[in-house]
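Written below as C-alpha coordinates is the structure these notes are about.
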Amino acid sequence: MLTLQEMSDRLEIQELFARYAHAVDSRDWAALKDVFTEDAVVDYSAMGGPRGTVPEVCAFLAEVLPLFPATQHLVANMIIELDGDRATARTMCHNPMPLPDDGGLLQCGLWYLDRLVRTEAGWRLAERGEEKAYQVVLKQATADQ
(Lines give C-alpha, C1' and ligand atoms only; values in the text may rest on other atoms or scores of the structure.)
Protein backbone atom coordinates (compact mmCIF):
# COMPACT_ATOMS: atom_id res chain seq x y z
CA MET A 1 0.00 0.00 0.00
CA LEU A 2 1.27 3.48 -0.87
CA THR A 3 1.97 5.93 1.90
CA LEU A 4 0.45 9.42 1.82
CA GLN A 5 3.89 10.80 0.89
CA GLU A 6 4.20 8.36 -2.04
CA MET A 7 0.71 9.29 -3.28
CA SER A 8 1.54 12.97 -2.99
CA ASP A 9 4.87 12.52 -4.80
CA ARG A 10 3.24 10.62 -7.67
CA LEU A 11 0.52 13.23 -8.09
CA GLU A 12 3.07 16.06 -8.01
CA ILE A 13 5.19 14.32 -10.66
CA GLN A 14 2.15 13.70 -12.87
CA GLU A 15 1.26 17.39 -12.54
CA LEU A 16 4.84 18.31 -13.49
CA PHE A 17 4.54 16.22 -16.68
CA ALA A 18 1.23 17.91 -17.53
CA ARG A 19 2.84 21.33 -16.98
CA TYR A 20 5.67 20.32 -19.33
CA ALA A 21 3.19 19.35 -22.07
CA HIS A 22 1.13 22.53 -21.65
CA ALA A 23 4.25 24.70 -21.70
CA VAL A 24 5.53 23.15 -24.93
CA ASP A 25 2.15 23.26 -26.66
CA SER A 26 1.46 26.85 -25.62
CA ARG A 27 5.10 27.78 -26.38
CA ASP A 28 5.55 29.25 -22.92
CA TRP A 29 9.31 28.98 -22.52
CA ALA A 30 9.39 30.49 -19.03
CA ALA A 31 6.90 27.87 -17.84
CA LEU A 32 8.91 25.15 -19.59
CA LYS A 33 12.13 26.23 -17.86
CA ASP A 34 10.29 26.03 -14.52
CA VAL A 35 9.75 22.25 -14.77
CA PHE A 36 13.51 21.60 -14.94
CA THR A 37 16.42 21.98 -12.56
CA GLU A 38 18.90 24.69 -13.53
CA ASP A 39 21.49 22.12 -14.61
CA ALA A 40 19.10 19.74 -16.37
CA VAL A 41 20.03 17.93 -19.55
CA VAL A 42 17.39 17.37 -22.24
CA ASP A 43 17.99 14.80 -24.96
CA TYR A 44 15.58 14.90 -27.92
CA SER A 45 18.01 13.11 -30.26
CA ALA A 46 15.94 9.90 -30.53
CA MET A 47 13.29 11.92 -32.40
CA GLY A 48 15.76 14.02 -34.42
CA GLY A 49 16.18 16.94 -32.03
CA PRO A 50 19.16 18.20 -30.05
CA ARG A 51 20.71 17.18 -26.76
CA GLY A 52 21.53 20.13 -24.54
CA THR A 53 20.70 22.45 -21.71
CA VAL A 54 17.19 23.74 -21.09
CA PRO A 55 17.93 27.16 -22.68
CA GLU A 56 19.38 25.43 -25.76
CA VAL A 57 16.36 23.16 -26.10
CA CYS A 58 13.95 26.08 -25.58
CA ALA A 59 15.73 27.95 -28.40
CA PHE A 60 15.39 24.89 -30.65
CA LEU A 61 11.67 24.53 -29.86
CA ALA A 62 11.08 28.26 -30.39
CA GLU A 63 12.63 27.88 -33.85
CA VAL A 64 10.91 24.68 -35.04
CA LEU A 65 7.45 24.69 -33.45
CA PRO A 66 6.21 27.70 -35.46
CA LEU A 67 6.52 25.44 -38.53
CA PHE A 68 3.47 23.55 -37.24
CA PRO A 69 0.01 25.14 -36.99
CA ALA A 70 -0.53 23.30 -33.67
CA THR A 71 0.99 20.69 -31.41
CA GLN A 72 -0.52 18.53 -28.72
CA HIS A 73 1.32 16.31 -26.26
CA LEU A 74 -0.67 13.57 -24.57
CA VAL A 75 1.30 11.99 -21.73
CA ALA A 76 0.04 8.77 -20.15
CA ASN A 77 0.93 5.33 -18.80
CA MET A 78 3.52 6.60 -16.36
CA ILE A 79 5.78 4.23 -14.49
CA ILE A 80 7.24 6.23 -11.61
CA GLU A 81 9.89 4.76 -9.31
CA LEU A 82 10.37 6.78 -6.13
CA ASP A 83 13.57 6.73 -4.08
CA GLY A 84 13.31 9.38 -1.37
CA ASP A 85 14.02 12.76 -2.95
CA ARG A 86 14.83 11.20 -6.31
CA ALA A 87 12.71 9.41 -8.87
CA THR A 88 12.81 7.92 -12.33
CA ALA A 89 9.93 7.71 -14.76
CA ARG A 90 9.01 6.23 -18.12
CA THR A 91 6.04 7.98 -19.68
CA MET A 92 4.27 7.43 -22.99
CA CYS A 93 3.78 10.49 -25.21
CA HIS A 94 1.51 10.76 -28.26
CA ASN A 95 2.26 13.95 -30.19
CA PRO A 96 0.18 14.73 -33.31
CA MET A 97 1.27 17.82 -35.27
CA PRO A 98 -0.61 19.07 -38.35
CA LEU A 99 1.69 19.96 -41.21
CA PRO A 100 1.22 23.31 -42.96
CA ASP A 101 -0.81 23.69 -46.16
CA ASP A 102 -2.81 20.47 -45.62
CA GLY A 103 0.40 18.48 -45.80
CA GLY A 104 -1.06 15.86 -43.53
CA LEU A 105 -0.50 15.01 -39.90
CA LEU A 106 2.85 14.11 -38.37
CA GLN A 107 2.19 11.52 -35.66
CA CYS A 108 4.98 11.00 -33.15
CA GLY A 109 4.93 8.32 -30.50
CA LEU A 110 7.65 8.13 -27.89
CA TRP A 111 8.54 7.35 -24.32
CA TYR A 112 10.00 10.03 -22.07
CA LEU A 113 12.79 8.66 -19.89
CA ASP A 114 13.18 10.94 -16.88
CA ARG A 115 15.30 11.46 -13.82
CA LEU A 116 13.67 13.73 -11.24
CA VAL A 117 14.69 15.39 -7.99
CA ARG A 118 12.70 16.97 -5.21
CA THR A 119 13.75 20.61 -4.76
CA GLU A 120 12.58 23.33 -2.39
CA ALA A 121 10.16 24.34 -5.17
CA GLY A 122 8.87 20.76 -5.59
CA TRP A 123 9.69 17.99 -8.05
CA ARG A 124 11.74 18.99 -11.09
CA LEU A 125 13.17 17.19 -14.10
CA ALA A 126 16.95 16.80 -13.82
CA GLU A 127 17.17 14.83 -17.06
CA ARG A 128 14.70 14.11 -19.85
CA GLY A 129 15.45 11.71 -22.67
CA GLU A 130 13.32 10.06 -25.31
CA GLU A 131 12.88 6.59 -26.76
CA LYS A 132 11.29 6.57 -30.21
CA ALA A 133 8.27 4.34 -30.76
CA TYR A 134 7.11 5.64 -34.17
CA GLN A 135 6.98 8.67 -36.43
CA VAL A 136 4.63 8.70 -39.44
CA VAL A 137 2.95 11.22 -41.70
CA LEU A 138 -0.72 10.62 -42.37
CA LYS A 139 -1.94 12.19 -45.61
CA GLN A 140 -5.48 13.46 -46.03
CA ALA A 141 -7.42 11.59 -48.69
CA THR A 142 -8.37 13.62 -51.76
CA ALA A 143 -11.37 13.18 -54.10
CA ASP A 144 -9.08 11.38 -56.58
CA GLN A 145 -8.11 8.68 -54.08
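Some notes on this structure:
- Computed over neighbours whose Cβ is under 12 Å from that of residue 56, the net charge equals 0, Lys and Arg +1, Asp and Glu -1.
- Heavy-atom accessible area with a 1.4 Å probe sorts 139, 33, largest first, into 139, 33.
- Near-label residues of region 69-85 by backbone N, under 17 Å of a point 7 Å along Cα→Cβ of residue 27: 69-73
- Computed accessible area, residue 58, all protein chains, 1.4 angstrom probe, square angstrom: 10 Å²
- Taking a ≥ b ≥ c as the square roots of the Cα gyration tensor eigenvalues, region 14-145 comes out prolate, since a/c reaches at least 1.5 and a/b is larger than b/c.
- Multiplying the residue separation of residue 86 and residue 117 by 0.36 nm and subtracting their alpha-carbon distance yields 10.7 nm.
- Dipole size of the chain about its Cα centre, with +1 on Lys/Arg Cβ and -1 on Asp/Glu Cβ: approximately 200 debye, rounded to the nearest 20.
- Gain upon complete extension [residue 12, residue 77; 0.36 nm per residue less C-alpha separation]: 21.9 nm
The values are calculated or read from the model by the stated rules, or taken from the named source; none is laboratory data. Keep in mind that what you see is a predicted model, and the values were worked out from it rather than measured. Because the Cβ atoms are built from the backbone with ideal geometry, glycine has one as well, and the counts that use them run over all protein chains shown. Ligands, DNA and RNA are excluded from the accessible area calculation, which covers all protein heavy atoms including side chains. Shrake-Rupley method; radii C 1.70, N 1.55, O 1.52, S 1.80 Å.
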